[in-house]
1. For the stretch B:91-115, how many residues meet the condition of being in a helix (DSSP H, G or I) and either in contact (Cβ under 8 Å) with a residue 40 or more places away in the chain or over 23 Å from A:Phe19 (Cβ atoms) (or both)?
2. Determine if the stretch B:71-86 includes at least one residue that is within 13 Å of chain A (Cβ to nearest Cβ) and of a type in the set (Ser, Thr, Tyr).
3. Go through the stretch A:16-30 and give me each residue that's more than 8 Å from every other protein chain (Cβ to nearest Cβ) and closer than 23 Å to B:Ile50 by Cα.
4. Specify which of the listed residues (B:Ile118, B:Ile103, B:Ile126, B:Ile144) is among the aliphatic types (A, V, I, L, M), within 19 Å of the chain's Cα centre (by Cα) and surrounded by fewer than 20 Cβ atoms within 10 Å (Cβ to Cβ).
5. Out of all the residues in the stretch B:33-48, is one or more of a type in the set (Asp, Glu) and away from chain A (no Cβ under 13 Å)?
6. Residues of the stretch B:2-12 being in contact (Cβ under 8 Å) with a residue 60 or more places away in the chain and either under 13 Å from B:Phe43 (Cα atoms) or within 9 Å of chain A (Cβ to nearest Cβ) (or both), which ones?
7. Go through (1) closer than 13 Å to B:Phe55 by Cα; (2) modelled with pLDDT under 85; (3) not hydrophobic (A, V, I, L, M, F, W, C) one by one and return the number of the condition B:Thr155 breaks.
8. Quick one: how many residues across the stretch A:4-27 are surrounded by 12 or more Cβ atoms within 10 Å (Cβ to Cβ) and over 25 Å from B:Trp100 (Cβ atoms)?
Amino acid sequence: MTIEVTATILIIWFGIAIFIYRLDRKVKKIEEEIGEK
Amino acid sequence: MKIYHRFIFYFLIFIVMPAVFLMALIWVPPAEFLGESSRILYFHVPVAWISVVSFIIAGYHSIMILCTEKGRTEREYKSYNAAYSGIVFTILTVITGSIWAKISWGSYWNWDPRETSIVILMLIYISYFSLYSALKDNTNRTMISSVYLLIAMITMPFFVFIIPRVYPSLHPDTIINADRKIHLEAAMKLTLFTSIAVFTIFYGYIFRLMNRISLLEHRLQEKQNDN
């Protein structure tokens, strides 16, 4: 039972981390494209 | 992103968040009657909290769009992004809740009043995205979608706080309850509130990045149109 709980929690954590990382990269890319910092 | 912002972010995601996981999975004792599965509480409640906060933010920006002309474009993006993140966190709430339901009640879905009300709320907000994309070429899109989001926000407390309390439910007693007391041990309270705080900071960070992207894309579009 705890394995299901742990797996869910880890998926959420990695999901949030990857999502933030992707957003961060996207901001950087558009800022470079637009020539704005 | 400024260097200290990045530092805070990495500190949160690699130090604080794992610490919360360890607290939730190892340090905190399991809840009475609910057993080991109750540990999902430390993630189910924060994501549910974030979804409510997101819908309130979406509603707030919609009110501001309707009340003032200042910064309307920026507020449109903010309300859209808040509704978007709200629906994502609502889906996470449903997923974590379903897993908990499977362990506690023996089935992923039971049409419990709380489950039913959250599905209706999800449908209301999904309709917002349909409306928003359907009005792509309409000059009144901002105003119409803002009115819709405002109405959606008004219905939200009924589906989240009122209906599940009116009808008998299998759902455990919530944090905000009729006794006005949190029925948790000190260690559980500490873990839960730390988790809520960390998730709230993450949400603030995600929301900020999403708004920045929307604004930059808008500027890029304007720049391309000028050329």
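1. Going through the stretch B:91-115 one residue at a time, the tally reaches 14.
2. yes
3. A:Ile18, A:Tyr21, A:Arg22
4. On the way: B:Ile118 fails: surrounded by fewer than 20 Cβ atoms within 10 Å (Cβ to Cβ); B:Ile103 fails: within 19 Å of the chain's Cα centre (by Cα); B:Ile144 fails: within 19 Å of the chain's Cα centre (by Cα).
Only one candidate qualifies: B:Ile126.
5. No, that holds for no residue.
6. Within the stretch B:2-12, B:Phe9 is the sole residue that qualifies.
7. Evaluating B:Thr155 over (1) closer than 13 Å to B:Phe55 by Cα; (2) modelled with pLDDT under 85; (3) not hydrophobic (A, V, I, L, M, F, W, C) leaves (2) as the failure.
8. Selection size over the stretch A:4-27: 6.
The values are calculated or read from the model by the stated rules, or taken from the named source; none is laboratory data. Keep in mind it's a predicted model, so treat the numbers as computed, not measured. FYI the Cβ positions are ideal-geometry reconstructions off the backbone, even for glycines, and counts take in every protein chain you see.
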